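Just below is one structure, and these are the notes that go with it.
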Amino acid sequence: MSDFDVTYRRRLAILSTTNIADALDALDLKGATYGIRPVWENAGKVIGRAVTLKITAAGLTKGKNHLGVKAIEAAKQGDVIIIDNGGRLDTSCWGGILANGAKMKGVSGVVVDGAIRDVDDCIDAQFPAYARGTVVATARGRIMEEATNIMIQFGGVQVRPGDVVMGDRSGVVIIPQEKLDEVLAKAEEFYEKEEQMVAEIRAGFSMLEVDNKFNYEKMLK
């Protein structure tokens, strides 16, 4: 079991991406992406260190390997493969063979700023996949891998190898690796406050009473 698993994974699993997004805002950090969600209903939460993959257009310069193969090879158990295809929806940059390869390597999931295909294969492998959309068109002849494990942009956010990726049904957030302790502590603070608010609402207190007590509008300050 890695140090990340021992120290952080269980704590992160309790939280939601919205808890993390609020903590990032409170700390003036950029990490909330947009428009990237699970491609199948019960994909489950993904949490792990980033293995990054940058995609570019196919052309006269040819790639040596099919995109994603080197990222799977580089990944450690529990990592998340995160793919920058600039939000393109006209071509896939992940599919069923890659999903099975990543699953066997112990990768936690894939998150894609772009489209994927072979969703049924991902479901059969029980491999969590998040993307901006799905498409049937292959990557072959359309796009290729530019680089693995470099800094990328993902949904408007900077991501570096080793940053922490977290996804749930609300979307995907990125935690800068050197700010993980700080972000996690702030997110847990927000989680506890919101749990208290929900408990009081369910106990019969009015929304106005709860809002005034917890000063919800100014919670991030």
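The values are calculated or read from the model by the stated rules, or taken from the named source; none is laboratory data. Computed from a predicted structure; not experimentally measured. Every residue, glycine among them, receives a Cβ derived from its backbone with ideal geometry; neighbour counts consider all protein chains shown. Calculation scope for accessible area: heavy atoms of the full protein, side chains included, ligands and nucleic acids excluded. Shrake-Rupley method; radii C 1.70, N 1.55, O 1.52, S 1.80 Å.
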>> Please report the net charge: other residues with Cβ closer than 11 Å to the Cβ of Val157, K and R +1, D and E -1.
In response: -1
>> Can you return the aspartates and glutamates within cross-link range of Lys62? Criterion is Cα-Cα under 16 Å, with same-chain partners fewer than 8 residues away left out.
In response: Glu145, Glu146
>> At 1.567 mPa s and 4 °C, plugging the Kirkwood radius over alpha-carbon pairs of the range 66-209 into Stokes-Einstein gives what diffusion coefficient in µm²/s?
In response: 77 µm²/s
> Hey, if we sort Lys105, Lys221 by accessible area with the 1.4 Å probe, largest down, what's the order?
Replying inline: Lys221, Lys105
> Roughly how compact is the range 130-221, stated as its Cα Rg over 2.2 N^0.38 Å to two decimals?
Replying inline: 1.61
> Hey, can you rank 189-199, 34-44 by average C-beta count inside 10 Å, highest first?
Replying inline: 34-44, 189-199
> Net charge near Asp22, counting Lys/Arg +1 and Asp/Glu -1 over other residues with Cβ under 13 Å of its Cβ?
Replying inline: -3
>> How large a share of the accessible area of the chain, in percent, is made up of carbon and sulfur atoms when the probe is 1.4 Å and the other protein chains stay in place?
In response: 50 percent
>> How large is the Kirkwood hydrodynamic radius of the range 1-147, counting all unique pairs of alpha carbons, in Å?
In response: 15.8 Å
>> If you count only protein heavy atoms with a 1.4 Å probe, what accessible area per residue comes out for the range 149-221, rounded to a whole Å²?
In response: 58 Å²
